[in-house]
Structure formats: C-alpha cells, structure tokens
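Here the structure is laid out as structure tokens; the discussion comes afterwards.
The values are calculated or read from the model by the stated rules, or taken from the named source; none is laboratory data. Quick caveat, the model's predicted, so the values are computed rather than measured. Cβ atoms come from the backbone with ideal geometry, glycine included; neighbour counts cover every protein chain shown.
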Amino acid sequence: MSASSIKQNSFPRLLSPIKVGSQTLRNRIVMGSMHTRLEYGQDAVTKLADFFAERARGGTALIITGGVAPNLEGRIEQEALTLERTDQLDEHRPIADAVHAHGAKIFLQILHTGAYGKHDDIVGISELRSPINRRVPRVLTSAQVESTIDDFVRCAELAISAGYDGVEFMGSEGYFLNQCVTLRMNNRGDKWGGSVENRIRCPVEIVRRTRERLGSGPIVSYRMSVTDLVEKGQSADDVDTLARALVGAGADLLNIGIGWHESTVPTIGYAVPRGAFAFASRRLKKIVGVPVIASNRINMPDVAERMLDNGDADLISMARPLLADPHFARKVIERRSDEINTCIACNQACLDNIFVDKTASCLVNPRACREGDFPDGFAAVSRRIAVVGAGPAGMSFAVYAATRGHKIVLFESGSDIGGQINLARQVPAKFEFNEMLRYFRRQLELHHIDLRLNATVHAADLQGQGYESVVLATGIKPRTPEIPGITHRSVVSYIDILSGKEEAGERVAIIGTGGIGHDVADFLTVPGRKPQNIAQFLESWGVDPLIGAPGGLKPPLTHKPHRAVTMLQRGAGRPGTKLGLTTGWILRTELRRRGVQALSGCIYRCIDDAGLHYSVDGTDHVLAVDTIVVCAGQEPNQDLAPLLKANQCDVHLIGGARFAGELDAVRAIEEGLRLAYSI
C-alpha cells in the first residue's frame, strides 16, 4: 500500500467503538500482552506506568499487561511478578491510573507458566517436561489443581481492586492452561485429564468462578490457542468445545493465540506474511457470540481494517507495532498513517533482548521502554549540524536531532536515502524494511531536514559553512579477504548481488556465514524472488487452517531452487549462530530445505577457473562454482574523520562508521538517538 493511499484512508471499522461485556472501548486497537522486563529493578512501577501511559496517550483503546503469576509456582522466573496479596496493590494502582488518565482501558494478564517456568519450583498438570526446558515439573494433585484455580480467581479479584478494568487469562502459547487442555502435556486419569471435557475443566472453572466473584462489571478475557502447531495439540473439535465452554462460563472476550513456544512454525517473525493467521480468528468468530481479538503479524491499519471488514475479528491486537510506534492509533485517527513507525518484525531488540534477560526495546524506536530517558522537548541550544551519510544511523540522528530543535543538513552520496537498508529490503523475506525507508523519508520531510542527495562530501566542503558539529554516519566498506585469485572474474561482492549489478550463476559459493551471507543465500534461492503470500507460507511451513489433525500441522511443501549454494566460514563453530536469537532458526530452516550447504573450519587456498580451492582438517577440496560471493565482513568508513579533526571540527562517528562488525541496525539507530540527546 502506497504512502498516499494509506494517508487518504480513514479506516472507519478500526476506529469505531465496540462494547465488550458492560464496557465500551473507544476503538478496535488493542496492545496485546508482551514481556518487557521493565518490572525488574529500581523504579519499576514508574517505568511501567510511563510505558503504558505513552500507548494510552497515543490513542490505543485497550492495553493488556505482561503476564503476572497468580502464585509463586506459576512465575516465569524467580524474580517475576505475582499478585497474591493486598499489600501488592500499590505496585499496580499507578499503572492503571496512568492509563485511565488518557482514556484507555487496561487488563492485567494472569499467566501461569507451568512446565515452561525458569525456576526450580515449577509445577505441571502432569510430570511431562517441556522440550524447551530442562526442568521437570512437579505434578499437581487434584487438591492442588483446585488450589491453583483459587489462586487465579484471587489474582483476578485483586487486579480489579488495583484499578484494572478486567483480566485476561493466558491460555495460549503452551503455558499452563494450554498445557491442561492438550494430550501433549496432560496424561492424567482423574477429573482433570482424559476426555476433552475433563481437560478443559481447569480453565473453564477459572473463568466461571472469576465471573461469579467479580460480577458483571469487569471484563473477563481469555487468550486461547486456536491452533497449537505442535504434535498432539488440540483438535479442531477440542478448540471449538473449549471456546463454547469459556463463553458459557462467562468470558466476555476471546483473544487468539497461535502456536507453542517450541513450535517449528514461525508465527511472528518477518518471514510471516501480514495477517497470515486470520483464519484462526475467523473460525473462532463463527462459533462464539462474544468479540474476538485477532493477533500475529498485523502491523498496519490497512491490514487491520481488511480483517475487520472481512469478518475475521472484532478487535485487532498489536503488541510489537505499538512498541514501534506508541502513537499508532492517534496517527490513524488523525489520518497520518503514512507517519506510522512500522514494526518490521525483526525481533532484534524486543524478543531477542528478553531471551537474554535484557529489557526490551525496538530497532525502529529505541525510545521504547526508555520513555523517561528521552523526554520530548528542545535542546538548550540549537545547533547547525552536518550529517554525512543517510543510512540508518544518519537518518536516525537527523530526525531525533531535528525534533530537539537543531538545524540539520543531511548529505548522501547515493541517489536515495537508506544506505544498507536498500540492500536488506532486496531480500524478499525482509520486505518490511520498505516501511522503515518510507517512515524515515516522511520524517525528513516533516522536520524540514535539508537533504542533499548525490553529494560526495570532502572535508573542505564542510569548512566555513557554519556547522557547529559534524556527524559522520558514512557506514562501512566491505572487507576483501586475502585469498590468491580474489580478483578472478567469478568473484563478486554481496553489494553487487543484492543491488542487482551482478547476477549469480547456477552454482554459487558464499564466503562468510554471518547475517549478510545468510541473506544472500536466501536472496539467491527463494522461489520467485518475492515474498510469500499467505497461502504459500502456510503450505511451505505445513500449517493446516482446518486443523485436520491435532495441532494443525501437515507435511510442508518444499521447492527445489534453481541454484546450488554452498556457504563457507573459517571458524569451526556452527554456521549461523550469530543470527537473531528468535528469527535465525527460521532462516536456517528455510535454507536447509532448499539444499543450501554450510561448511565450517575452511582454509581458503585460492580461486581460479576450476572454482574455490579450500581445505578442511588438512584435506583439500575444490568447489566448482560459477559465482563466488564475498560476505567476509566490513570495515568502518572513517576517511573523513582525521581531516575534520585536524581542522578542529566537533566530529562524532556513529553506526558502521564508528564500528563495523556485523551490520547492526539496532545499534546504529540507537546511537543516532543517544547522540541527538547528548549533543
């Protein structure tokens, strides 16, 4: 969808109010639950209140918190939040008050991790261990299941006392309540296991007793897995039975979840097409009479509007998109959708951070979860600043510095902005990078930044022009490895391949297995060199929308590529280990299915007409190829820095110009923000 058509649309369904239970939401935009780790450390309440308040101020109708456990056994990890006692209410009241001050509603999500817990006192509906957790849960007795139900209800009651408008019970993604309802994790023989009626008894009783305890005012929502995408998951009949029982027990709202954490099907990464799981909310809507929330890879208002128009859902959940742009809803309301800072589903600063115990943030919005560190407002003194290079770091600095009142002249040697983004967006699975470029282009316009394209800058060009500071965001230069024959006609740079300057042959060797090497392999082997549509994605990953077999899986459909590609690395480790923690496995799986081979411990001997000569463990080999693509790292492009510093200029290097390493857009964009607030 073009920027102009996005801007002209008013998205009436997305912006229309909706009644849920006894309450009315001002529009259909929901910030779904996500863990940020803001709840840890000093000033946790203030940070959480600032974070959620910013999204409420941005026009979001409903915010659902990260999961809070109903008891100690249900915690995600040792220090995670629980809500069990009245003396804990002061940890929550400021959060609810901050959201209400901006006219939004907020639910507490109540989450029991069960066999997923990362502490030593985990419990489960059975003694079965999760494949992604080394710990074996202690099985709950029947009396302890009853006690756990009481804990859920007590937690819900406390949440309402703290000022929340409702609660959401987390019964998706493989957590405890999801474990209860599947044969995959429930092998009990008592009233909590066996038949589907017994397996759903625990979550249904939680909803029923909560409804009785809270009365009709607060909203009771249940996030249920509509397709588990794991072996021995729920059948279609199981899902339908659970949904009807939950509504019968008093649920006002059903929020869909997709897949378990150990599922081998991607559900939220950039390789997933927008709205790929609309089938899940659509089938749920057909069998229940309460509103249904759709989720997963819905990141722009046109996608949300289309799903609402099609009857796929009643509300739209966007967690990471509201991390990327807290004012998403406000921009839609004001017909400024072309200004939305779109989530590109990279996971690099959100989920990847969470899984290594770091606070979440966002590649495209490094202010996320740090709202208090980077407040709105002007710098004490306005400066005239030259920025050289309009890649991610340069654009980031230019925009943030302009919002702080500085006068920016942005030089770019190429014919367009973007730098390495222009290469990344050539990879079909990374089509979302187009949105990043659209966003920055619009921001440069809005902030009246003096953009000068096709401008090769020399040090003398920056002298005597009234610049009080110079920011070098000149990026990187590809590193050329010292291999005899590296100038052979078969050798090309990754830049030549991704830019379209060179076309690879049918047999390809890629020197380097980092992120760029994997992107090149993907680019060269993906069928049709275009992003998969929804049908193709579901087929290639073996997703059955009809849930014909329990778990909703079927054999994936694979395509043999027209190229034979081999990746090589010097190091002895497993190739691809530095890829994104929560998305790298997707790319490695795709390439493996396409027959891409990856070799480790290679010593490059030479390149000649016979191909690439290398050895592994002392044995010589020759890889007969038509094209050798060099992805052997990069070096900072710092050519201007010494000359400018010699002339007493106030010079700052950011992004690849400061440190090349693996290309890192997260670091580049964050460095632009931090410098803009310090200069």
Out of all the residues in region 519-527, is one or more over 18 Å from residue 426 (Cα atoms) and among the hydrophobic types (A, V, I, L, M, F, W, C)?
-> no
For residue 226, state whether it is among the β-branched types (Val, Ile, Thr), assigned to a strand (DSSP E or B) and either within 22 Å of residue 28 (Cβ to Cβ) or without any contact (Cβ under 8 Å) to a residue 40 or more places away in the chain (or both).
-> yes
Do we find that residue 303 is of a type in the set (Val, Ile, Thr) and part of a helix (DSSP H, G or I) in this structure?
-> yes
Hey, residue 513 part of a strand (DSSP E or B), polar (S, T, N, Q) and more than 30 Å from residue 239 (Cα to Cα) or not = no
Checked region 39-49 for anything under 14 Å from residue 77 (Cα atoms) and touching a helix residue (DSSP H, G or I) at 6+ places or on another chain (Cβ under 8 Å); matches are 39
Subset of region 197-220 [in a helix (DSSP H, G or I), of a type outside the set (D, E, K, R) and touching a residue at least 24 places away in the same chain (Cβ under 8 Å)] = 202, 203, 204, 206, 207, 210, 214
For residue 447, indicate whether it is closer than 21 Å to residue 337 by Cβ and surrounded by fewer than 17 Cβ atoms within 10 Å (Cβ to Cβ).
-> yes
When residue 134 is evaluated against the numbered criteria (1) surrounded by fewer than 23 Cβ atoms within 10 Å (Cβ to Cβ); (2) within 22 Å of residue 198 (Cα to Cα); (3) not polar (S, T, N, Q), which criterion, by number, is the only one it fails?
-> (2)
With 169, 152 as the choices, which residue is farther than 25 Å from residue 56 by Cβ, in contact with a Lys or Arg (Cβ under 9 Å, 6 or more places away or on another chain) and modelled with pLDDT of 95 or more?
-> 152
Among the candidates 660, 641, single out the residue that is farther than 20 Å from residue 521 by Cα, assigned to a loop (DSSP other than H, G, I, E, B) and not assigned by TED's automatic domain parsing to the domain that holds residue 489.
-> 660
Counting only residues that are in contact (Cβ under 8 Å) with a residue 60 or more places away in the chain and among the aliphatic types (A, V, I, L, M), which one in region 104-131 is nearest to residue 193 (Cα to Cα)?
-> 125
Could you tell me whether any residue of region 78-92 is at pLDDT 95 or above, within 24 Å of the chain's Cα centre (by Cα) and assigned to a strand (DSSP E or B)?
-> no
In region 380-405, residues that are in a helix (DSSP H, G or I) and charged (D, E, K, R) total 0
Please find, among 410, 462, the residue that is in contact with an Asp or Glu (Cβ under 9 Å, 6 or more places away or on another chain) and not small (Gly, Ala, Ser).
-> 410
Is it true that some residue in region 9-17 is surrounded by fewer than 21 Cβ atoms within 10 Å (Cβ to Cβ) and in contact with a His (Cβ under 7 Å, 6 or more places away or on another chain)?
-> no
Inspect all residues belonging to region 585-595 and state whether any of them is part of a strand (DSSP E or B), closer than 30 Å to residue 491 by Cβ, in contact (Cβ under 8 Å) with a residue 24 or more places away in the chain and touching a His at 6+ places or on another chain (Cβ under 8 Å).
-> no
For region 183-199, state whether one or more residues are of a type in the set (A, V, I, L, M) and within 26 Å of residue 60 (Cα to Cα).
-> no
From the list 163, 194, 189, which residue is assigned to a loop (DSSP other than H, G, I, E, B), in the same structural domain as residue 104 (by TED's automatic domain parsing) and under 33 Å from the mean Cα position of the chain (by Cα)?
-> 163
Please verify whether region 527-547 includes one or more residues that are closer than 30 Å to residue 639 by Cβ and either crowded, with 20+ Cβ neighbours inside 10 Å or out of contact with any Gly (no Cβ under 9 Å at 6 or more places or on another chain) (or both).
-> no
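Hey, among 140, 83, 89, which residue is under 23 Å from residue 254 (Cα atoms) and in the same structural domain as residue 205 (by TED's automatic domain parsing)?
Residue meeting the stated conditions: 83.
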Mind counting the residues in region 548-567 that are under 15 Å from residue 232 (Cα atoms) and of a type in the set (D, E, K, R)?
-> 1
Residue match in region 576-588 (condition: over 26 Å from the mean Cα position of the chain (by Cα) and buried (at least 18 other Cβ atoms within 10 Å of the Cβ)) | no
In the set 617, 639, the lone residue that is among the charged types (D, E, K, R) and either at pLDDT 95 or above or within 14 Å of residue 486 (Cα to Cα) (or both) is 617
How many residues does region 596-638 contain that are over 30 Å from residue 270 (Cα atoms) and either assigned to a strand (DSSP E or B) or among the basic types (Lys, Arg) (or both)?
-> 18
May I ask you to list pairs of residues, at least six apart or on different chains, whose Cβ atoms are under 7 Å apart, with the first in region 460-472 being surrounded by fewer than 15 Cβ atoms within 10 Å (Cβ to Cβ) and the second being not β-branched (Val, Ile, Thr)?
-> 463/647; 466/384
Do any residues in region 374-401 that are without any contact (Cβ under 8 Å) to a residue 40 or more places away in the chain have Cβ atoms under 7 Å from those of residues that are outside any loop (DSSP other than H, G, I, E, B) and surrounded by fewer than 24 Cβ atoms within 10 Å (Cβ to Cβ), where the two are at least six apart or on different chains, and which pairs are they?
-> 382/407
Restricting attention to region 93-129, report how many residues are within 25 Å of the chain's Cα centre (by Cα) and either under 19 Å from residue 146 (Cα atoms) or not aromatic (Phe, Trp, Tyr) (or both).
-> 15
Which of the residues that make up region 553-568 are assigned to a loop (DSSP other than H, G, I, E, B) and touching a helix residue (DSSP H, G or I) at 6+ places or on another chain (Cβ under 8 Å)?
-> 556, 557, 558, 559, 561, 563
Would you confirm whether any residue within region 525-534 is under 30 Å from residue 606 (Cα atoms) and either not basic (Lys, Arg) or not in a helix (DSSP H, G or I) (or both)?
-> yes
Taking helices (runs of 4 or more DSSP H) that fall entirely within region 312-379, which contain at least 3 residues that are surrounded by 19 or more Cβ atoms within 10 Å (Cβ to Cβ) and more than 10 Å from the chain's Cα centre (by Cα)?
-> 328-333
